[in-house]
């Protein structure tokens, strides 16, 4: 009995999850600091009253954006890939795997969808476990063994259990606020006349550079958060399935598939929800860690 | 003088909030453990209910395999009379899992039986249930582990003492057995 206790305390995936939670927190902090810095620079150029104007508009837009993202997000994601709800008789094994994982994780059962694509991919969406959906591609059902499918679904269910979807939606909103503030600032410069004494001149240039760089930087931070969360979901998946071979096998197959075949999944707003990123974005801007690194991390568990 | 009073009030309020937090946490975690236990029961009952059908179907093709049927019948009796404790229930459950493994092993020798749709359906369902039993047991043990961790660590241990919460014991099969069960009969 105590051996069981000791063994599962020692295994690294518990630390992984905790570490990622702390790091995600700091990343969000960095984004908030960027927002404040941007506001400060803009305020220095205009009078302080203007910062509040920008921030209020940006916040209102962001709140609307958040609400749409949280409440309609799943619907949008499912529609964008042509997903259909999976019949419980036709897709009995799929449902059975999902049910088992729910029992193991103490989660309510999400709605199960299938997307008609040959490539191996899957995603989960939903603002909380009670309103969640999970979607796999036909290719996953075709190419993966039961254990591998279980690993993939465990990864997706972990996203739901860790409230990743809600977390990522908030991160996207923060980046949105920064982009909007930067945009409004740049546009307002275009329209403003006069007020061009030397002192302000330099700061306007700094402001412009900042306004262009800040959104880029914030996007990098958002992608970094997304990657951390992917590692966390991998770790949680192993904890849930009590087995890393399934997910490792699936990731290897996914890597193999995308080496030779093109993905039909356009990189849309939902691309960060997939289990693997189908397009090859530059490393700093990719929402998923490279498959090789993920496999290495999993094999060390 | 007033400052000290203010600080005291703040400290008391914080202590109150923390106490309520821990009290509620213990309630939630304890209920989770109870619920997890009943989830195991749900799966065990589902499995038990399928057994008579399975026995009849297999008997239709393999009448003389007496030991296997005796094992399953005995296991089913054990399941029904096993006491409320986790340990005895799991012992009975493991006995049933083994008996079922034997039946499905024997069935390999009877191609007519293997082609029978009713048998195939039962095999699929029972395999599914075995997997779910493994998962419910896992969740039960995880719930206990989580509860114990809070009860043993600081500051949870202080509140645990206050509310009379004790560490719960659990009983686990070996890791290998458990991994196998999840993909059993396939």
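The values are calculated or read from the model by the stated rules, or taken from the named source; none is laboratory data. For clarity, every value in this text was computed on a predicted model and none was experimentally measured. Neighbour counts run over all protein chains shown; Cβ positions are idealised from the backbone, glycine included.
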(Q) So residue A:209 passes all but one of these: (1) more than 26 Å from the chain's Cα centre (by Cα); (2) modelled with pLDDT under 80. Which condition number does it fail? (A) (2)
Q.
Which condition from (1) over 25 Å from the mean Cα position of the chain (by Cα); (2) in a helix (DSSP H, G or I); (3) within 14 Å of chain B (Cβ to nearest Cβ) is the one that residue A:94 breaks?
A. (1)
Q: Return yes or no: is residue B:92 modelled with pLDDT of 85 or more and more than 25 Å from residue B:116 (Cβ to Cβ)?
A: yes
Q: Identify all residues within the range B:80-90 that are under 23 Å from residue B:125 (Cα atoms) and surrounded by fewer than 18 Cβ atoms within 10 Å (Cβ to Cβ); write none if there are none.
A: B:80
Q) Out of all the residues in the range A:68-89, which are touching a strand residue (DSSP E or B) at 6+ places or on another chain (Cβ under 9 Å) and within 14 Å of chain B (Cβ to nearest Cβ)? A) A:88
Q. With respect to residue A:112, is the statement that it is under 23 Å from residue B:138 (Cβ atoms) and either surrounded by fewer than 20 Cβ atoms within 10 Å (Cβ to Cβ) or modelled with pLDDT of 85 or more (or both) true?
A. yes
(Q) Yes or no: the range A:81-93 includes at least one residue that is under 30 Å from residue B:135 (Cα atoms), touching a residue at least 60 places away in the same chain (Cβ under 8 Å) and touching a helix residue (DSSP H, G or I) at 6+ places or on another chain (Cβ under 8 Å). (A) no
Q | Any chance residue A:171 is in contact with a helix residue (DSSP H, G or I) (Cβ under 6 Å, 6 or more places away or on another chain), under 30 Å from residue A:53 (Cβ atoms) and more than 14 Å from every other protein chain (Cβ to nearest Cβ) | A | yes
Q.
Based on this model, can you work out whether residue B:132 counts as at pLDDT 70 or above, in a helix (DSSP H, G or I) and either facing chain A (nearest Cβ under 9 Å) or within 16 Å of the chain's Cα centre (by Cα) (or both)?
A. yes
(Q) Criterion first (modelled with pLDDT under 90, more than 24 Å from the chain's Cα centre (by Cα) and farther than 27 Å from residue B:85 by Cα) does residue B:2 satisfy it? (A) yes
